[in-house]
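Peer 1: Could you have a look at this structure, given as structure tokens, before my questions?
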Amino acid sequence: MTADGAPTPATTGWTPPRASARVVLRSLVFQGLVIASLVLLAPACLLMLLPRAVTRMVARLVVHGWLALLRLTVGLAYEVRGRENLPEGPCLIAAKHQSAFETLALQVILKDPAFVLKRELTLIPVAGWGMWRLGHIAIDRNAGASALMSLIRQAKRRIADGRQVVIFPEGTRSTPFSAPDYRPGVAALYRALQVPCVPVALNSGIFWPRNSAWKFPGRITIEILPAIAPGLSSGAFMTQLQQTVEPRSAELARAAMATPRP
């Protein structure tokens, strides 16, 4: 039992509830509208020939539209806490990753983010081309040590441009309450970039479970936590990052589970 009397979730993860017919229908409507919008946006790919700022403006408008569709069709909204913890200048963002939601929301929460992502994503028609034009950091995960060198080299260029480098420390989506598996790439970036690292906790997996097409109504919370100053050893940094993000993400998930769904 937790301190507030709620049952303690298993460390192996959390199982989403069975989706009702209404949840299935609303999720399918949302997905259909997103796909339709990508088809309609295909001619706009010509705008990628213009300066990156134009693509960034269009991408923000599209993502705002998708988030509005998510709220209207699925009934899934979100709130952001802790915006005051974002530095004015460039920084490293280390965010919990539980669903595709945060890959959308962080694009409009942050001023000019550069996401660390697998190279295959940039090959997706329309959306992937946009990722490439936005200057995200595409990595070949099968390249071994050279992938880490490429990651650091590209991240330094993005920081020099005044941007926020966004990395998901576990490298992939995780289930709420599952045991974390932080990868060494985030520590390598922290040591190489010498900028503040801003941890981000969230509970998106409760409403948009990984490996599921169904999205549940409610309100996702994204919480931007106080920055970790540069200068720590890799081990001390990894310990502080994990001890900051994981308990807060679990607290947000428990709060979401305790809130009656619409």
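Peer 1: Only residues that are hydrophobic (A, V, I, L, M, F, W, C), touching a residue at least 60 places away in the same chain (Cβ under 8 Å), assigned to a strand (DSSP E or B) and crowded, with 18+ Cβ neighbours inside 10 Å: list them for the stretch 57-114, please.
Peer 2: Listed by number, the residues that qualify are Leu76, Cys91, Leu92, Ile93, Ala94, Ala95.
Peer 1: Okay, moving on. Looking at the structure I just gave you, is Leu225 surrounded by 17 or more Cβ atoms within 10 Å (Cβ to Cβ), aliphatic (A, V, I, L, M), closer than 30 Å to Leu28 by Cα and under 16 Å from the mean Cα position of the chain (by Cα)?
Peer 2: Working: surrounded by 17 or more Cβ atoms within 10 Å (Cβ to Cβ): yes; aliphatic (A, V, I, L, M): yes; closer than 30 Å to Leu28 by Cα: no; under 16 Å from the mean Cα position of the chain (by Cα): yes.
No; evaluated as a whole, the condition is false for this residue.
Peer 1: Has the stretch 236-254 got at least one residue that is of a type in the set (Gly, Ala, Ser) and over 20 Å from Val80 (Cβ atoms)?
Peer 2: yes
Peer 1: Another question about this same structure. Suppose we keep only residues that are assigned to a loop (DSSP other than H, G, I, E, B) and surrounded by 17 or more Cβ atoms within 10 Å (Cβ to Cβ) within the stretch 192-210. Which one would you say is modelled with the lowest pLDDT? Break it down into steps so the answer makes sense when it comes.
Peer 2: Applying the first criterion (assigned to a loop (DSSP other than H, G, I, E, B)) to the stretch 192-210 yields 194-196, 203, 207-210.
If we keep only those that are surrounded by 17 or more Cβ atoms within 10 Å (Cβ to Cβ) as well, we get 195-196, 203, 207-210.
Numbers: Val195: 98, Pro196: 98, Asn203: 98, Phe207: 97, Trp208: 96, Pro209: 94, Arg210: 90.
Checking each candidate, the answer is Arg210.
Peer 1: Only one of (1) in contact with a strand residue (DSSP E or B) (Cβ under 6 Å, 6 or more places away or on another chain); (2) modelled with pLDDT of 95 or more; (3) in a helix (DSSP H, G or I) fails for Thr122. Which number is that?
Peer 2: Status for Thr122: all satisfied but (2).
Peer 1: Count, please, the residues in the stretch 125-169 that happen to be part of a loop (DSSP other than H, G, I, E, B), surrounded by fewer than 19 Cβ atoms within 10 Å (Cβ to Cβ) and out of contact with any helix residue (DSSP H, G or I) (no Cβ under 8 Å at 6 or more places or on another chain).
Peer 2: Residues that pass the stated criteria total 3.
Peer 1: So the check is Cβ under 6 Å with 6+ separation or different chains; which pairs have a first residue in the stretch 139-153 that's at pLDDT 90 or above and a second one that's among the β-branched types (Val, Ile, Thr)?
Peer 2: Leu151/Ile139
Peer 1: Can I ask one more? Looking only at the stretch 177-191, decide whether some residue is under 17 Å from Ala105 (Cα atoms), buried (at least 23 other Cβ atoms within 10 Å of the Cβ) and touching a Pro at 6+ places or on another chain (Cβ under 9 Å). Don't jump to the end; show me each part of the working.
Peer 2: Keep residues of the stretch 177-191 that are under 17 Å from Ala105 (Cα atoms), which gives none.
The answer is no, given that none of the residues of the stretch 177-191 is under 17 Å from Ala105 (Cα atoms), buried (at least 23 other Cβ atoms within 10 Å of the Cβ) and touching a Pro at 6+ places or on another chain (Cβ under 9 Å).
Peer 1: Check off (1) assigned to a loop (DSSP other than H, G, I, E, B); (2) among the aliphatic types (A, V, I, L, M); (3) buried (at least 22 other Cβ atoms within 10 Å of the Cβ) for Ala213 and give me the number that stays unchecked.
Peer 2: (3)
The values are calculated or read from the model by the stated rules, or taken from the named source; none is laboratory data. Given the structure is predicted, the values throughout are model-derived calculations rather than measurements. No Cβ is skipped: glycine too gets one built from the backbone with ideal geometry, and neighbour counts run over all protein chains shown.
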